[in-house]
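Here the structure comes first, spelled out in structure tokens, and everything after it is commentary.
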Number of protein chains: 4
Amino acid sequence: MMKLPLKGIIPPVVTPLIDNNKIDVRGLEKLLDYLLTGGVHGLFMLGTTGEATSLSYKLRKELLKRTGELVNHRIPVVVGITDTALDGSLEIAEYAANIGLDGVVIAPPYYMPIAQEEMWEYLEDLVPELPLPFIMYDMPVCTKMHMSVETIRKAKELGAIGVKDSSGDMSYLYSLINEFKDSPDFSIIAGTELYIPETILNGGHGAVAGGANLFPGLFVDLYNASVDRNLDKIAILRDKIMLIDSTIYNVGKNASSVIKGIKCALSVMDICNDYMAVPFRQYGKEERMKIEKYIKEFEGILN
Amino acid sequence: MMKLPLKGIIPPVVTPLIDNNKIDVRGLEKLLDYLLTGGVHGLFMLGTTGEATSLSYKLRKELLKRTGELVNHRIPVVVGITDTALDGSLEIAEYAANIGLDGVVIAPPYYMPIAQEEMWEYLEDLVPELPLPFIMYDMPVCTKMHMSVETIRKAKELGAIGVKDSSGDMSYLYSLINEFKDSPDFSIIAGTELYIPETILNGGHGAVAGGANLFPGLFVDLYNASVDRNLDKIAILRDKIMLIDSTIYNVGKNASSVIKGIKCALSVMDICNDYMAVPFRQYGKEERMKIEKYIKEFEGILN
Amino acid sequence: MMKLPLKGIIPPVVTPLIDNNKIDVRGLEKLLDYLLTGGVHGLFMLGTTGEATSLSYKLRKELLKRTGELVNHRIPVVVGITDTALDGSLEIAEYAANIGLDGVVIAPPYYMPIAQEEMWEYLEDLVPELPLPFIMYDMPVCTKMHMSVETIRKAKELGAIGVKDSSGDMSYLYSLINEFKDSPDFSIIAGTELYIPETILNGGHGAVAGGANLFPGLFVDLYNASVDRNLDKIAILRDKIMLIDSTIYNVGKNASSVIKGIKCALSVMDICNDYMAVPFRQYGKEERMKIEKYIKEFEGILN
Amino acid sequence: MMKLPLKGIIPPVVTPLIDNNKIDVRGLEKLLDYLLTGGVHGLFMLGTTGEATSLSYKLRKELLKRTGELVNHRIPVVVGITDTALDGSLEIAEYAANIGLDGVVIAPPYYMPIAQEEMWEYLEDLVPELPLPFIMYDMPVCTKMHMSVETIRKAKELGAIGVKDSSGDMSYLYSLINEFKDSPDFSIIAGTELYIPETILNGGHGAVAGGANLFPGLFVDLYNASVDRNLDKIAILRDKIMLIDSTIYNVGKNASSVIKGIKCALSVMDICNDYMAVPFRQYGKEERMKIEKYIKEFEGILN
């Protein structure tokens, strides 16, 4: 059983790939080893950064299986099960339960726009079938739906153990913290890595930070500094995180550029392959050279 | 081989369901029979109205198999293969080819926002694997992407045989007609049923009209009146179509209300069951009574 | 008194300027003469294309005065009075009435977003003070508000004599035509020049077409062909209008590019100066050369 | 001369009105006295909360004159000059300079959507004419334009002394703080009152907080606690501010509801009249009763 509330730095792990149908197994091992050595508190597999929706179900399961074996219960592993079809969500949830992973993460079905009330009905249908604890995931840029605080409250009544907010909307994040302040076991998890200190200082519990794939120790340090309320240290560490944002995440200008940048940087750092699943493509030579330059500049600064 | 250009009224067929895992087989038979008797020129299975993204792959295949058998090549059947993962799209495309259906329909992968250039790359990866002719499908409300005319042109260079425009943006539809006016075999198909006359009068080829599930003859008449450039008849028929819009489609106020309304009306008309796949639910008693009243009022007017 | 319903081609007249504080008087004379010779049915001064919101009240009044004198009641002149402050709207409305112009045009106050109900309250405050007949103006790209059909109906109850729809949303335009089909004196006027035939063929009355500043005869011909229901002629004329759209309006890529293109083309055609009021600037050398090339190509085609 | 950087709590002062053409002079006196007694560090007149764009120029000037006399240089007074026409902006700027006020505040012209490059050109035209120091004001909900960090940097090169960020986008606020961290005299001012601690803790300078009209002492306390880095006190005070947000600001559901709520509460507190300038209307009996109840509950808590 996962200890509640889930807290700390929980990277949305990228999915190392050789090609569209093949896990980069050696890369996955190195990456997971790197993250655990870096001190992260949990792992979020098959999230947006993990390119979940681009992967076949066969590949998703293989990724989970290998991850479960490699992590071996040292830290909790939660799994994105978002799909537009119920049976797809349940297939992954059941698989995750069977191999002993710890929880699942649910975003709204993301093809047809759905209303808040329709989301409640969806949860009423989905939740009774879930074999694992679940976390709600607000990701309006991808799902077109910004779940209201009321929707999250209803999810909690149905059993949700937390919420991950990737809306980028700090007012909303504060509303969530405020709404659930009397439920200390309900995790409020920031999906915007820049907001880690605010989240922790104000009563939240952790962060799903894509950049923690690259510099896990840096994000763990920022989390710890936030827990310690060490404002001077927070200021120094946040500057470093803003540096990643303005460099590696901004080599391209598309929504996919953050993931492309992280994967390319991991490849430059010789941790795993940078292949992107269809419909995306990894960065070409020109972008990679920029990333190489950045990684070189960061040596000794960000690690 | 499907005759090009694809033209006429091509209903986006609803998927009759008993429950989330079971086709309403009797309903499907009655519906397809009703549509063919109504004179429609083709069928679009597994579109937005068909709730494709909510259905399991097993159910999608069963639907296609039964449809293929029932239609038996009397009119062309095209199949939506949109998915966020490449292998899902190909699985359905190959199945459709194996059972002798006529073409596939492609919308952009719809989880992560993708840029026009990324869509081109996606098509370069997808198209060579397709075993059937393909039609592009612009549906920004669901996919978050409004494909540029340039993107459609690139798709055509890769082999696309047409485009279905469900953007609701008539200027865009006219731009498409204008762009491809020298390619008489490339179908310009309206996805907004109100725009059928404009599409046909100005050089387009047909319409994927959800309302044709309910009143196929009415839409076929409007198509024919448009081909005949009979403006008086067009005016009368369009008024009828606006009546459907302001009644059956507007019982609810969500994006899903059009499909819920069509399914409920089909149930009232005793054609098929109104079960909606998860995440949606069919209309309750109150909404159904409104629809019953509308259908009664329309008797002799819309049929 | 203006004859109702207002109909035909009513250009949103550009405001010829020498600099930010000075009308290009000679240009205004030539432009108005050009438009009347071209056969337009009315003039809309101080609209979006007329850069109304960028002009000082002194300049707005001078423009109206000179226009009134030059037109001398040969065709109706309506005047945009949209402002964020009530007294500004009334100041122009009263001035227009005093110098004998024919009507005013009202868009929602455009700073703070306002709700439909707030718009009704606004009309209740504004309308009793108006000294002239008024037309509603839907322009969501600039005002952030897409007035509902219900809002337009309430405006009509308060005395509105028509509505100009610049939303670009043809479904909305058809809803307006449908809503007011039993009020033959209430003008439905298209603000999207591409939709002139649809508007007229389906029961609307006219168009406020920016391109009519450049080629008034072409737009009058298209209006007449639409009234005559001459589909072949419509097709030919609409192609010409699409040519303007894909050339002169698209030299730049900003919202202001249409007006900049029209003013630059008018300058190339030696009709009036191309100065743009602050905050905008007229096209530079490079853009002007493109427009010169286009105008040259159009000779004998568009005139 | 205003001391730089401008910092602290700078309420966007509401404009007390008797009717659409008349200042509530007694109310203005009481309000300004209340704010100065409450310890605010500056005043922002004619902002969004001050309903600037709804007021006639005559009224705007009277408001400034009376405010200048009443404040009498005890704290800096800055003045919104945003207009869609250059001469309107300059008229207020010159008036403010003539009566000895301290600075002006500039948002983008807000009718026609303008591009970043067009904003730079606008500033090049406007700034040389300004008789007072100026602050940039990012308010995309009203102006439709989210000024890029690059645009703010260009404004600074032209002489801007600060920026007020009302975008609600904390990532943007942090980008601004980061961009100008080596310019200690350039003020970074939060326009979202919930973000006061983050702004101050991370290197920003102050806040334009609408709620400070109601509870100036509370906001000054929060500012001071933030300067003192007293996290426990910040937590307590922020909870109080969230209470205002979830009550007084949320009686209505429109964009105008915040201002209506503040004015109504000020009237309940017997400070000034609650008349709203056209196009808005003050709250009716029902909403006022809710506000009365809230204010009663807050006694002893928020003051």
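Things worth noting here:
- Close amide H contacts of D:Tyr275 (hydrogens built in the peptide plane, cut-off under 5 Å, sequence separation of 5 or more or a different chain): D:Leu17.
- For C:Ala97, label point 7 Å along C-beta direction: distances to other copies, nm: 3.8, 7.3, 7.4
- When C:Asn72 is represented by a point 7 angstrom out along its Cα-to-C-beta vector, the spacings to that point in the other copies are 6.3, 8.0, 10.0 nm, nearest first.
- Ordering of C:10-18, B:219-227, A:117-125 by burial proxy (mean other Cβ atoms within 10 Å per residue, highest first): C:10-18, B:219-227, A:117-125
- Accessible surface buried upon D-C contact (total; probe 1.4 Å; Å², nearest 100): 3500 Å²
- Selected from B:Val208, B:Ile262, B:Val227, residue furthest toward positive end of dipole (the stretch B:183-270; charges at beta carbon): B:Ile262
- As a rough guide to protection, the peptides A:283-289, C:87-93, D:129-135 ranked by mean Cβ packing within 10 Å, highest first, stand as C:87-93, D:129-135, A:283-289.
- If you take the Cα centroid of the stretch D:100-149 and the Cα centroid of the stretch D:158-225, the two points sit 18 Å apart.
- Relative to its residue count, chain B spans a Cα convex hull of 118 Å³ per residue.
- Debye, to nearest 20: dipole size of the stretch D:24-166, +1 on Lys, Arg Cβ, -1 on Asp, Glu Cβ: 580 debye
- A Gaussian network model of chain C, with springs between Cα atoms under 10 Å, assigns the largest mean-square fluctuation among C:Ala115, C:Ala96, C:Ala52 to C:Ala115.
- Placing +1 on the Cβ of every Lys and Arg and -1 on the Cβ of every Asp and Glu, with nothing else charged, gives the stretch A:122-249 a dipole about its Cα centre of roughly 200 debye.
- Residue of B:Met139, B:Met170, B:Met112 that the Gaussian network model of chain B assigns the largest fluctuation, springs spanning Cα pairs under 10 Å: B:Met112
- Mean per-residue shielding of peptide D:13-22 is 1, counting Cβ atoms of other chains within 10 Å of each Cβ.
- Count of lysine pairs in the stretch D:124-273 with Cα separation under 24 Å (8 or more residues apart, or interchain): 17
- GNM result for chain C, Cα springs below 10 Å: residue of C:Asp24, C:Asp274, C:Asp169 fluctuating most strongly: C:Asp169
- Label 7 Å beyond Cα on the Cβ vector: C:Glu286 copy-to-copy distances, nm: 1.8, 5.8, 6.0
- Long-range HN-HN contacts of B:Leu43 with modeled amide H, under 5 Å: B:Val77, B:Val78
- Of all DSSP bridge pairs formed entirely within the stretch D:7-118, close to 20 percent run antiparallel.
- Percent accessible area from carbon and sulfur atoms, chain B, protein chains only, probe 1.4 Å: 49 percent
- A 1.4 Å probe run over the protein chains yields, for chain C, 35 Å² of accessible area per residue, whole-number rounding.
- Basic side chains Lys and Arg get +1 at the Cβ, acidic Asp and Glu get -1 at the Cβ, and with that the dipole of the protein assembly as shown about its Cα centre reaches some 0 debye.
- Span from the the stretch D:12-54 Cα centroid across to the the stretch A:3-37 one, whole angstrom: 56 Å
- Mean residue ellipticity at 222 nm, helices only, chain D: -13500 deg cm²/dmol; runs of at least 4 DSSP H residues each add -39,500 (n - 2.57), and the sum is divided by the number of residues.
- Delta accessible area of at least 50 Å² on complex formation, residues of the stretch A:91-127, 1.4 Å probe, chain isolated as reference: A:Tyr110, A:Tyr111, A:Met112, A:Pro113, A:Glu118, A:Glu121, A:Asp125
- DSSP-defined antiparallel bridges as percent of all bridges, chain B, nearest 5: 10 percent
- Built amide H within the under 5 Å cut-off of D:Val104, gap 5+: D:Val79, D:Phe134, D:Ile135
- Rounded to whole Hz, the Karplus (6.51, -1.76, 1.60) HN-Hα couplings of the stretch B:197-210, x for glycine and proline: x, 4, 4, 6, 4, 9, x, x, 10, x, 8, 9, 10, x
- Kirkwood Rh in Å, taken over the protein assembly as shown so that all alpha-carbon pairs contribute: 32.5 Å
- Neighbouring partner chain Cβ atoms per residue of B:170-177, average, 10 Å criterion: 4
- Nearest residue to the symmetry axis between A and D, taken on chain A by its Cβ, in whole Å: A:Met170, 2
- Peptide D:50-56 is shielded by partner chain Cβ atoms: per residue, an average of 5 of them sit within 10 Å of its Cβ.
- The alpha carbon convex hull volume per residue for the stretch B:117-217 rounds to 113 Å³.
The values are calculated or read from the model by the stated rules, or taken from the named source; none is laboratory data. Because the structure is a prediction, the values reported are computed rather than measured. Here the Cβ is made from the backbone with ideal geometry for all residues, glycine too, and neighbour counts use every protein chain on show. Keep in mind that these areas ignore ligands, DNA and RNA; they rest on the heavy atoms of the full protein, side chains included. Shrake-Rupley method; radii C 1.70, N 1.55, O 1.52, S 1.80 Å.
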